[in-house]
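The values are calculated or read from the model by the stated rules, or taken from the named source; none is laboratory data. All of these numbers come straight from a predicted model, not from anything done at the bench. Heads up, the Cβs are rebuilt from the backbone with ideal geometry, glycines too, and the neighbour counts pull from every protein chain shown. SASA here: full protein model, heavy atoms, side chains in, ligands and nucleic acids out. Shrake-Rupley method; radii C 1.70, N 1.55, O 1.52, S 1.80 Å.
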Amino acid sequence: MTEYSRLKTLEVSIGDLLLGNGHPIRVQTMTTTDTMDTIATVEQSIRCIEAGAELVRITAPSKKEAENLLNIKNELRKKGYSTPLVADIHFTPNAAEIAARIVEKVRVNPGNYVDKKKFEFIDYTDADYQEEIERIRERFTPLVKICKEYGTAMRIGTNHGSLSDRIMSRYGDSPMGMVESAMEFLRIARGEQYHNIVLSMKSSNPLVMVQAYRLLVNRMEEEFSACYPLHLGVTEAGDGEDGRIKSAIGIGTLLEDGIGDTIRVSLTEDPEFEIPVCKDIVARYQSVNPPIRQSANSPIRQSPKAPIAEGANPSIRQFANPPIIKPPYDPFAYQRRVSHEISNIGAKHVPVVVADMREVPALTPGDLAAIGYQYNETTDKWNIGDAAADYLYTGSRLLNFNLPGTLKVMIDHSAWSDAGDKDKYFPVFQFPSFNESLQRSPAINFMAFNVADTEHWDDMLNILKNDMTMVACIECSAAHSMLALRRFIMEMMIRNITSPVIISVKTSGKSIDEQLIHFSAEAGALFLEGMGDGIWLCSNMQDIRNIKVSGRTYLEVKNSAQFLNNTAFSILQATRTRISKTEYISCPSCGRTLFDLQETTAKIRSHTYHLKGVKIAIMGCIVNGPGEMADADFGYVGSGPGKITLYKGKEVVKRNVDSEVAVSELISLLKESEVWIERES
Ligand code: SF4
């Protein structure tokens, strides 16, 4: 967990494609067309392959779709595409048994391959439970035998939202339940000497997903002394920046751990748009010295001793401190690191957001709109949004206007002495130039430190230990910086240093996707471990505005400051450490989808985005939708052509509503449930 190395897994062949055992991390996606529409599915598959997909998954909800996979495969081969195809199976073993004779891989969901979900709690005796396992063995073994005979690979793909009633009754809605759900099927397959298996543990909640994969690796090593390859993904991640952030946090955290052999980013967008995001994520692990992981314009100045990543070879950059074999916390369960309170930072406070505006020329009250503060000149009052930054870093500038009450200023120590209002302005010290004799604030002091400067860890840790007003602002300019930051925070834990920590991440990513991925994987991973008391993002891209993908705006921002502020709040939301907005759990859509998911998601979002803390699921079909909605508060689920069924939690409240009025019916339901608030003008 503190030095990068890839987990060695068994080798699996999917057609001619090799997976696991150190082979490159493969990227894949899934078609959204009707599987019976051969031409549309072939054309979409080709668009995905051309974009770089190394595997294409196609849904096979019944025997006829499974049979049509042959036409799709033949058509693709005729056109010169040999990319392996994967059949996606839910509830229909007979479709799986047909597909396994046609395509290179089948995906089964152990939550619904044999079991039907009724949301019932059943109190099993051990003998009853064993009887259930035998029932699964009987139903699942024929598929295993076919796969073995035809050389077909298989993914045992557990989804958090669709655990069977049996698993839920025994293990609860937990990562352990997800792991056991897959292990039951894996043991049966191994009993047949069949090993061409990949596993996945998907969830729409990156925290659950990360814990489940780690636990699965742990269990496989314990039971088999070997690991099967892992397919990573955050399911129902949604669209736009939130979908990218959620996916990058979940997938990125595990890839940083060295876990993962193939990935899929599930976005509610056309599948070919998932591939560039996958590629950006994977690129971080393919190059010895990937450029987007470098800190080109760090706001925290480098110590002369700090190794600069540019041109450095990470293989020779070892930390002076030895790696930690057993972390000082449980990596399979969330606990927030214990920190002491300094003003509104640390202890039980939600992580604070630092807005870095030192590059904004001549800051005015109007500029603060980008970070959540609207100034009304007529009333001379500030309107504070839900995603309003807590601290403003101005470099060495003092401001010439009154600030909103909830916003404090971080300023370089050299300029801090000139600040009149010491309740509003707080000094930022740069580590190499820090001197014990310098004047400090009696309330809050910030110490910026680059953890790549391993020679000075002891000095930095002693400063933190000896000054209870000191907040650590840590970044790392070396490759695999998240691991180095995690190592530093572990060292704080080992030495019982409880200073709050602000995670500082800079990127010189060349595209918005690269930047979102970098921020999410680096900072998100640490928040998933309960390690951050604040977040401070910095980008070298000064002119960031609305970005469109396939005609739809996927990033709505006016400038770079707003982009960074939104991204920081979205990372905290995705790691569930600070909730500031509505959360959307929308399925990526597939051949079962009964309405235009992208358009409907956009419409629902436009009406409900202001409902802080409400989770709304938008699911394409009633077969999988209700099960996969996980912990959504409300569900909007396609239940037939032109028909929508609305859920409150797992309960149906309005069945088969006409889709023309379904969004307004959803709004009425939100109002009846007293979660609706009127939007401020
Ligand atoms: S929930 Fe969405 S992605 Fe899943 S099977 Fe239904 S339509 Fe397809």
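Rolling a 1.4 angstrom probe over the protein heavy atoms, how many square angstrom per residue are accessible across the chain? Kindly include the intermediate steps, with their values, before the conclusion.
Values: 25350 Å² over 681 residues.
With all protein chains present, the chain gives 37 Å² per residue.
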In Å and whole numbers, how far do the C-alpha atoms of the chain stretch along each principal axis, longest first? 77, 57, 55
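State, to one decimal in nm², a quarter of the convex hull surface area for the C-alpha atoms of the range 106-156, i.e. the direction-averaged projected area.
Values: hull surface 16.1 nm².
The orientation-averaged projected area of the Cα hull of the range 106-156 comes to 4.0 nm².
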With x for Gly and Pro, the residue-by-residue ³J(HN,Hα) of the range 215-229, computed from phi through the Karplus equation 6.51 cos²θ - 1.76 cosθ + 1.60 at θ = phi - 60° and given in whole Hz, is 5, 5, 4, 4, 5, 5, 5, 5, 8, 10, 6, 7, 10, 7, x
Rounding to the nearest 20 debye, state how big the charge dipole of the range 1-149 is about its Cα centre with +1 on each Lys and Arg Cβ and -1 on each Asp and Glu Cβ. 540
If the cut-off is 26 Å between C-alpha atoms, which lysines fall inside it for Lys105, apart from same-chain ones fewer than 8 positions away? Lys8, Lys63, Lys64, Lys73, Lys78, Lys79, Lys116, Lys117, Lys145, Lys148, Lys202, Lys279
The helix 175-191 Cα axis meets the longest alpha-carbon principal axis of the chain at an angle in degrees, between 0 and 90 and rounded to 10, of 40
Length gain on complete extension for the stretch His607 to Ser673, per 0.36 nm per residue less the alpha carbon to alpha carbon distance? 22.2 nm
Which residues qualify? For Val471, with a placed amide H closer than 5 Å and at least 5 residues away or on another chain, they are Asn445, Phe446, Met447
Residues other than Ile102 with Cβ under 10 Å of its Cβ, Lys/Arg counted +1 and Asp/Glu -1, net out at 0
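Under 37 °C and 0.692 mPa s, how fast does the range 10-72 diffuse according to Stokes-Einstein, given a Kirkwood radius computed over C-alpha pairs? Answer in µm²/s, whole number. Can you show the working numbers first?
Details: Rh = 12.7 Å.
Rounded, D is 257 µm²/s.
Compute the whole-percent fraction of alpha carbon pairs in the range 369-506 spaced more than 18 Å apart.
The share of Cα pairs beyond 18 Å in the range 369-506 comes to 60 percent.
Report, in debye and to the nearest 20, how large the dipole of the chain comes out about its Cα centre when Lys and Arg carry +1 and Asp and Glu carry -1 on their Cβ.
Roughly 600 debye, rounded to the nearest 20.
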Could you pull out every one of the lysines with an alpha carbon less than 22 Å from that of Lys671, ignoring same-chain neighbours closer than 8 positions? Lys581, Lys603, Lys612, Lys615, Lys643, Lys648, Lys650, Lys654
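Quick one: net charge around Asp458, please, counting Lys, Arg +1 and Asp, Glu -1 for every other residue with C-beta under 12 Å from its C-beta.
Overall, the nearby charge balance is -2.
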In the range 597-681, if every C-alpha pair distance is counted and binned at 5 Å from zero, what percent goes to each bin? 3, 15, 29, 27, 18, 5, 2, 0
Show the residues, 5+ positions off or on another chain, whose built amide H is closer than 5 Å to the amide H of Val234. Ser266
Measuring from the lowest to the highest alpha carbon on each principal axis, how far does the range 17-168 reach, largest first, in angstroms? 55, 37, 30
Check Thr2: other-chain or 5+ apart residues with amide H under 5 Å from its amide H, H built from backbone geometry? Ile324
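From Cα pairs below 8 angstrom and at least 6 apart in sequence, can you work out the relative contact order of the range 569-681, rounded to a whole percent?
Relative CO of the range 569-681 lands at 20 percent.
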Length-normalised contact order of the chain in % [C-alpha pairs under 8 Å, at least 6 apart]: 14
Summing +1 for each Lys or Arg and -1 for each Asp or Glu, what net charge is found among the other residues whose Cβ lies under 12 Å from the Cβ of Asp390? +1
Projected onto the charge dipole of the range 324-402 (unit charges on the beta-carbon of Lys, Arg, Asp and Glu, signs +1, +1, -1, -1), the Cα from Trp382, Asn402, Pro351 with the largest positive-side position is that of Pro351
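So what's the range 120-200 giving for Cα Rg divided by 2.2 N^0.38 Å, two decimals?
Details: Rg = 13.2 Å, N = 81, 2.2 N^0.38 = 11.7 Å.
Rounded to two decimals, the normalised Rg is 1.13.
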Using a 1.4 angstrom probe on heavy atoms only, work out the carbon and sulfur share of the accessible area of the range 116-258 in %. 46
Based on the alpha-carbon gyration tensor of the range 311-448, what equivalent-ellipsoid semi-axes (square roots of 5 times the eigenvalues) come out, in whole Å, largest first? 33, 21, 16
Separation of the range 656-681 and the range 142-159 by C-alpha centroid, Å? 44
Highest-first arrangement of 188-198, 234-244, where packing means the average Cβ count within 10 Å: 234-244, 188-198
Contact order normalised by length for the range 342-484, with contacts defined as Cα pairs under 8 Å and 6 or more residues apart; what percent is it? 16
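Could you size up the charge dipole of the range 461-526 around its Cα centre, putting +1 on the beta carbon of Lys and Arg and -1 on that of Asp and Glu, and report it in debye to the nearest 20? Walk me through the numbers before you get to the answer.
Values: 6 positive and 6 negative charges, 37 e Å.
Once rounded to the nearest 20, the dipole reads 180 debye.
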Residue by residue through the range 25-41, the couplings from Karplus 6.51 cos²θ - 1.76 cosθ + 1.60 with θ = phi - 60°, in Hz, x for Gly and Pro, are 5, 7, 10, 8, 8, 9, 6, 10, 7, 6, 4, 6, 8, 4, 4, 4, 5
